[in-house]
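First comes the structure, then the notes that go with it.
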Number of protein chains: 2
Amino acid sequence: MAAQSTGNINAEPPEDSGTADERDTGLDALFSPKSIALIGATDREGSVGLALAKNLGAFPGTLFFINANKPSVCGRAAYPNLASIEESAQVDLAVIATPAARVPATLRECAQAGVKAAIVISAGFREAGSSGAELEQEMLFEAARGGIRILGPNCLGLMSPHASINATFAAGPARPGTLAFISQSGALCTAILDWSLRERVGFSGFVSLGSMSDVGWSDLIRHFSKDPNTHGIVMYMESIDGVAQFIDAALETVPRKPIIAIKVGRTKEAARAAASHTGALTGDDAIIDALLHRAGVIRVDSIEELFDTAELLSKTASAPPKGANLAVLTNAGGPAALATDSLIRSGGRLCQLNESTIQTLNTLLPAHWSHGNPIDILGDADADRYAHSLRTILADPHTNGALVILTPQSMTQSLATAQAIIEIQRAAAKPVLASWMGGENVAAGRELLNAAGIATFDYPDEAARAWMLLWSREARLPLIAEARRVASLPPAPMVEARAALAKHLSGITTLLTESVSKRILQAAGIPTNATVHAGSEEDAAAAATELGFPAVLKLHSQTITHKSDVGGVRLNLENATAVRQAWRAIQSSVPETSFDGVSVQRMFRGPSLELICGFRRDPQYGPVLIFGAGGVLVETLRDTVILLPPLSRMLIMDRIRQTRIFTALKGTRHFREVDLDALADLIIRVGELALAAPEIEELDINPIVFEDGLPLALDARIACRYGLAS
Amino acid sequence: MAAQSTGNINAEPPEDSGTADERDTGLDALFSPKSIALIGATDREGSVGLALAKNLGAFPGTLFFINANKPSVCGRAAYPNLASIEESAQVDLAVIATPAARVPATLRECAQAGVKAAIVISAGFREAGSSGAELEQEMLFEAARGGIRILGPNCLGLMSPHASINATFAAGPARPGTLAFISQSGALCTAILDWSLRERVGFSGFVSLGSMSDVGWSDLIRHFSKDPNTHGIVMYMESIDGVAQFIDAALETVPRKPIIAIKVGRTKEAARAAASHTGALTGDDAIIDALLHRAGVIRVDSIEELFDTAELLSKTASAPPKGANLAVLTNAGGPAALATDSLIRSGGRLCQLNESTIQTLNTLLPAHWSHGNPIDILGDADADRYAHSLRTILADPHTNGALVILTPQSMTQSLATAQAIIEIQRAAAKPVLASWMGGENVAAGRELLNAAGIATFDYPDEAARAWMLLWSREARLPLIAEARRVASLPPAPMVEARAALAKHLSGITTLLTESVSKRILQAAGIPTNATVHAGSEEDAAAAATELGFPAVLKLHSQTITHKSDVGGVRLNLENATAVRQAWRAIQSSVPETSFDGVSVQRMFRGPSLELICGFRRDPQYGPVLIFGAGGVLVETLRDTVILLPPLSRMLIMDRIRQTRIFTALKGTRHFREVDLDALADLIIRVGELALAAPEIEELDINPIVFEDGLPLALDARIACRYGLAS
């Protein structure tokens, strides 16, 4: 069972299965049962049992109503219980609307009757306090024993429109269509259903998750992944149950079907005590962002976007763009300027037309055409001019797709132009988007385009954003494959690092000193500068002489975290005398019990970029890495990204490219180019350490500097779980 | 005349007039003429002249058709020319659709006939090359001589729906309404018109600007500002004509009527040679952003937002929110979570309910209500429960407004709840927004709310964003007043700084050295560290000894801009010997002709935050200041904002609060709090210098550091206009 687990995302490397189709999600009984029993069917006005009885009435398969007290419900014969149904009848799906207290017993009966799946509509479980939680455990026990999958409890139910099933107590039914909608809010289901009927949006499945006691995100994603009626999955999420399984299921699905999600709960962001920079920089919402990105799920911010995006992606699935280069064909400059602006703002670009394309257009078009992209073929463009131009543009190898803009002007042929576009698009292997701007004048043309499956937009700025969405989905596919590949690799053992940890951990140790932390990093294959612990003034002077001047002395303390705050850091010590003075200064600046000597290092002579890399172990999401601009301003700059291990160079580049500091890594006037491979390898090692050493609760490396282009951990801090002894 | 000027925004301090109503924009003849003459009226099928003749047919005032060759047009008597119209008839507005070549002569006739304004539809002027440009000058000359205001040329015309005027060759007419739409794209006008008819959006004015030879943005803004039919102004902009007048007109208008604009042209951003950081960080689009912000204009990114925003703001104008605190009333948790997320993401907050409000709600509501904000009154809430709750919430002094969410559930009373909300809102002085989610089930309630002028949204996330828009408009009003106040102050004379400049400028000087630049800053009242120019090794050693060790030596060169690139900066020189060595090292690292000695400073001992402040003189926008995170990573961090002088502490705080580095200015673990007033004063001085010293083309102060919390310019560079001698 997928639910209940809140393990870290790396707990279970996924099986090496090519497609989701090879797996059985066991949910067929939920979505395409041959027979259904409604337990708790009733005629009582306003009751959930009556609403369900009415909605299920349309089910073309075998339907049984169960009511302990009445011989018939809604004019259909009712059975007192499942056992009383004739032996030959097999019930695949039970829809349960009895009081919560009766649900465990009902499931026991279901198990005896060979029921395969149940939808528990009833409320009064976990959400109703501790006695409800006990009831829920009983229910799950009975279900597990009987091999029954449960949707719910405390849910609206589900609809499977292609099987004519409406097993909800909402109005309905939903229109059959190609989108699967999964929602953690029942009320939202009701509202979306109502809206979908008005807007004529159809569904392959419509699921209210309820409390997710058993069936959760990954089960449903896997189910819809192999469901041929489903072309895209749309989700309203409030929480994620099994994170590893979620990512695994999504990665399997998204190469063939887009998943689009809205995830709420930004405000639940617990105020976490910021013992480390990593802690301060990894809020829940930023992790969710990283997690959905890793899983290939497209996150949107509004309900409107949720369905717009799903519709767009399912419409254009047959001819995805092979690159980001868009050609804009228009009969007016203003709308093309809008499209261009919107394109550039979304990170896209206009393609540079081939010289030969320009030549051909010169022969086809009036002299005043724009002679570039956007291709403005002027206000008097008729359908033929549009057609010739579009054919020429799509033949250009630099063009990955086209946006055709039409504004209603006196010579404009809205309908004929639409017809021409449709024919050309059918023959071309490149996507074409359209914006037929205006109302009545262009309505017929717009309808024709829509009916032909060409994504059509009221405004060209929307169309340009949609183009970037298409392309970014396409551009992500290699990263999806890479994420699956690394997830299938065995974890790095990190034997030396764990041995080093074991040596330095004691039952009461929680915060390791800088020099111990660095020893562990070195054992993990992360380069650090030489750092020597000195227990006396003499040792410090000797160590500094050995390492070379100028030296740095830093307080070595089991209890004081932020050394510089208490004057515990002395830089630029030019000779042994200065080192001895610094020793005494540090010693006198902290309480005796906090003073365990100093660590001695050679002073790093910049200039260097300063980066941060670290991780924090999240109880729900497992280890969460950050990377970005470091140094003392790290929390001010907030120029970091979150990465989820296991990692690879490719996955790392995808993420760290999002930081502003990344541009400086390629060299600036003040800093030489750094070795990005070496940097990526350092980040990989941090991820491996996070996975291999559960003793480590938090790790901050800040700053990472560069020497001859190679990264070097200049300061580090490891915090371990209290009570984990060697 | 407003057009043609591209002067800087400070060229003309605005008159100290309280309201726009006191001014005559001279455009009444355009929008409410008593009589109109169409010059170039014709019966020729497909001609612009015919389309205009037909559209103007609905004009209830006096209408004359002018056609040199025909006695009648469209069944109406035509005159061969204006002079032939009976003497008693006064023509207020001429609509001109003759060939471009005839337009100047036509305007001469107009002037003789006492015409007050003209719409020049004809194309073939500036946009058609140099002969067209000449024609345009002739036209403007005739118009100016006759005191005639001109809209166009090369435009679609205008509509004044409340006066039943459609002086365009588009279809139409537009519906009368409360929005004024001004567009620089004629094609977009056509499409928006078409769309507005479908969506039942009405206009008080509908203007195609064309080439803006005469009537421009500020004229039209001023006109609609005093037009009682106009409640909001909506603009599609490709360029800004007179920047100072634009800001002035907008600042006058926005306290009473919102202005919402979409501005395209992000891609025209010329690749400007980045001689300075300021140059690199002040792209056109960022300036436009700052300019519209300064002017109080709301900039949006899409056509959809343009009208949505306008509709929202005009609907809610009567009861604007007095603070950002929103209460969310709902019958379901999921939609409230969506609203909350969206609110927080837009920078808003949920209000904390008063304890007494909670008590009252406890007595009104079932025990399971959410006991906090969002106020979830549960799925079975009827109209009465909504009404009681809303009344209680609005009475809470902590609440600035409410969003009421309704999802269709079995007990939900969509229509009755809407009625109750409307009554309560009428009595309250606080704004109420609504989201009636779903389709058919809630349609009647939604329509009722809309009809009662309550802004209603399909989804609660949209509603939350709308709330923030309302509040941010309200929150900006004091800044609008401040911008008007500082614009009315006399510019600072900066006598000493100009004298210092004059002393050091020669005809061939373009780049001033660091020490000269700092002397000018000091004269302008900007604190800098002591910096001495040394022409010899001995002088350098003596200066360093005088200023104190450790010292810094920097190359002093008329030709080399980036000193550190060539090894021209030597830090941390501990004694006179080190200074002498550094002198020789710098001297030997650059060509003899580039070496003009060194500047000597005492080494600044950090740590300190490093900031940048500077300006660049833009040919279109005048002086453009930047402020933000400085140091060597300034172009990587891109943590800067643009400010337009003249400035004040209040205007500066509004802008610099947007930088990430701002949080550190209030103190961090590593940096003490800085004196924000002193910092703002430094920025004010930079702005004053920019306005007072047109000789200065660019100024970079980077870094600005802090000593005892006070800002200090540690390095500076001034570039002057070539050829401006003292």
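All of the numbers you see were taken from the coordinates with simple rules; none came from a lab. Computed from a prediction, not measured in an experiment: that's the story for all the values here. As a convention, Cβ positions derive from the backbone with ideal geometry for all residues, glycine included, and neighbour counts pool all protein chains shown.
Worth a mention:
- Projecting the Cα atoms of B:ILE221, B:GLY453, B:ILE192 onto the dipole axis of chain B, where Lys and Arg carry +1 and Asp and Glu carry -1 at the beta carbon, places B:GLY453 farthest toward the positive end.
- Computed Rg/Rh of segment B:316-482, alpha carbon atoms with Kirkwood Rh: 0.95
- For a label point 7 Å along the Cα-to-beta-carbon line of B:ALA475, residues of segment B:375-406 with backbone N under 20 Å: B:397-403
- Label zone at A:ALA395 (point 7 Å along Cα-to-Cβ), backbone N below 15 Å, segment A:339-370: A:354-365
- Between B:GLU134 and B:ALA502, the C-beta separation translates, for a Förster distance of 30 Å, into a calculated FRET efficiency of about 0.15.
- Structure-based [θ]222 nm, chain B - -39500 (n - 2.57) summed over DSSP H runs of at least 4, per residue, nearest 500: -11500 deg cm²/dmol
- Separation of segment A:393-457 from segment B:394-463 is 39 Å, based on Cα centroids.
- Working from Cα pairs under 8 Å separated by at least six residues, relative contact order for chain B is 10 percent.
- In terms of surrounding Cβ atoms within a 10 Å radius of their Cβ, A:HIS562, B:HIS223 rank from fewest to most as A:HIS562, B:HIS223.
- 5 angstrom amide H check on A:CYS351, placed H, neighbours 5+ away: A:LEU326, A:ALA327
- Estimated vicinal HN-Hα couplings, Hz - segment B:478-490 in sequence order (Karplus 6.51, -1.76, 1.60; Gly, Pro = x): x, 6, 5, 4, 5, 4, 5, 4, 5, 5, 8, 7, x
- Percent of C-alpha pairs per 20 Å bin, chain B, short to long: 15, 36, 31, 15, 2, 0
- Note on chain B: with charges restricted to the Cβ of Lys and Arg (+1) and Asp and Glu (-1), its dipole about the Cα centre is near 140 debye.
- Derived scalar couplings ³J(HN,Hα) [segment A:101-113; Karplus, 6.51 cos²θ - 1.76 cosθ + 1.60; whole Hz; x for Gly, Pro]: 4, 8, 5, x, 4, 4, 5, 4, 4, 4, 4, 5, 7
- Residue of chain B whose Cβ sits closest to the axis mapping B onto A, with distance in whole Å: B:LEU637, 3
- Taking label points 7 Å from Cα along the Cα-to-Cβ direction, B:ARG638 and B:ARG657 give a separation of 2.5 nm.
- Rounded to whole Hz, the Karplus (6.51, -1.76, 1.60) HN-Hα couplings of segment B:117-127, x for glycine and proline: 8, 9, 10, 9, 6, 3, 9, x, 9, 2, 5
- Rounded to whole Å, sorted largest first: equivalent-ellipsoid semi-axes of segment B:87-169, Cα gyration tensor: 21, 17, 9
- Taking a straight line from the alpha carbon of A:LYS563, these lysines sit under 17 Å away, with near neighbours fewer than eight places off in the same chain left out: A:LYS518, A:LYS554.
- Residues A:ILE121, A:ILE377, ranked from the fewest to the most other C-beta atoms within 10 Å, line up as A:ILE377, A:ILE121.
- Among B:624-631, A:316-323, A:168-175, B:658-665, sorting by the average number of other beta carbon atoms lying within 10 angstrom of each residue, highest first, gives B:624-631, A:168-175, B:658-665, A:316-323.
- Ordering A:ALA144, A:ASN166, A:GLY124 by Cα displacement along the dipole of segment A:47-181 toward the positive end leaves A:ASN166 in first place; charges were set at the Cβ atoms of Lys, Arg (+1) and Asp, Glu (-1).
- Once both labels are positioned 7 Å from their Cα atoms along Cα-to-Cβ, the gap between B:ASP596 and B:THR545 label points is 2.7 nm.
- Proximity of backbone amide H atoms, modeled 1.01 Å from N, is registered between B:ALA37 and B:PHE64, B:LEU93, B:ALA94, B:VAL95 at under 5 Å, excluding neighbours fewer than 5 places apart on the same chain.
- Modelled label positions at B:GLU199 and A:SER356, each set 7 Å beyond Cα in the direction of Cβ, lie 4.4 nm from each other.
- Peptides B:176-188, A:600-612, ordered by how many other C-beta atoms sit within 10 Å of their residues on average, highest first, read B:176-188, A:600-612.
- Interchain or long-range residues, amide H under 5 Å from B:SER435's placed H: B:VAL404, B:ILE405, B:LEU406, B:PHE457
- Cβ crowding within 10 Å, taken as a proxy for footprinting-reagent exposure, orders B:GLU136, A:GLU199 from fewest neighbours to most as A:GLU199, B:GLU136.
- Length gained on full extension, B:ASP675 to B:THR62: 214.0 nm, using 0.36 nm per residue less the C-alpha separation.
- The Rg/Rh ratio for segment B:137-189 is 1.04, where Rg is the radius of gyration of the alpha carbons and Rh is the Kirkwood radius.
- Given R0 = 56 Å, the distance between the Cβ atoms of A:ARG605 and A:MET411 translates into a calculated FRET efficiency of 0.20.
- D (Stokes-Einstein, µm²/s), Kirkwood Cα radius, the protein assembly as shown, 1.567 mPa s at 4 °C: 36
- Extended-chain gain in nm, criterion 0.36 nm per residue less alpha-carbon gap, B:ALA443 and B:GLN581: 41.3 nm
- Stokes-Einstein diffusion coefficient of segment A:21-314, Kirkwood radius over Cα pairs, 37 °C, 0.692 mPa s, in µm²/s: 167
- Taking the Cα centre of the protein assembly as shown as origin and assigning +1 to Lys and Arg Cβ atoms and -1 to Asp and Glu Cβ atoms, the resulting dipole is close to 40 debye.
- When the trypsin sites (Lys or Arg not before Pro) in segment B:663-726 are filtered for DSSP coil states and for at most 16 other beta-carbon atoms within 10 Å of their beta-carbon, the remaining sites are B:LYS666, B:ARG669, B:ARG672, B:ARG721.
- Label spacing, shortest first and in nm, from B:GLY75 to its equivalents in the remaining copies (7 angstrom along Cα→Cβ): 6.2
- For segment B:530-603, the convex hull drawn through the C-alpha positions has a volume of 70 cubic angstrom per residue.
- Selected from B:ALA443, B:ALA492, B:LEU470, residue furthest toward positive end of dipole (segment B:437-506; charges at beta carbon): B:ALA492
- Point-charge dipole on Cβ atoms (K/R +1, D/E -1) for segment B:316-482, about Cα centre, debye to 20: 440
- Shown is the FRET efficiency for B:VAL495 and A:ARG175, computed with R0 = 56 Å from the Cβ-Cβ distance and rounded to the nearest 0.05: 0.15.
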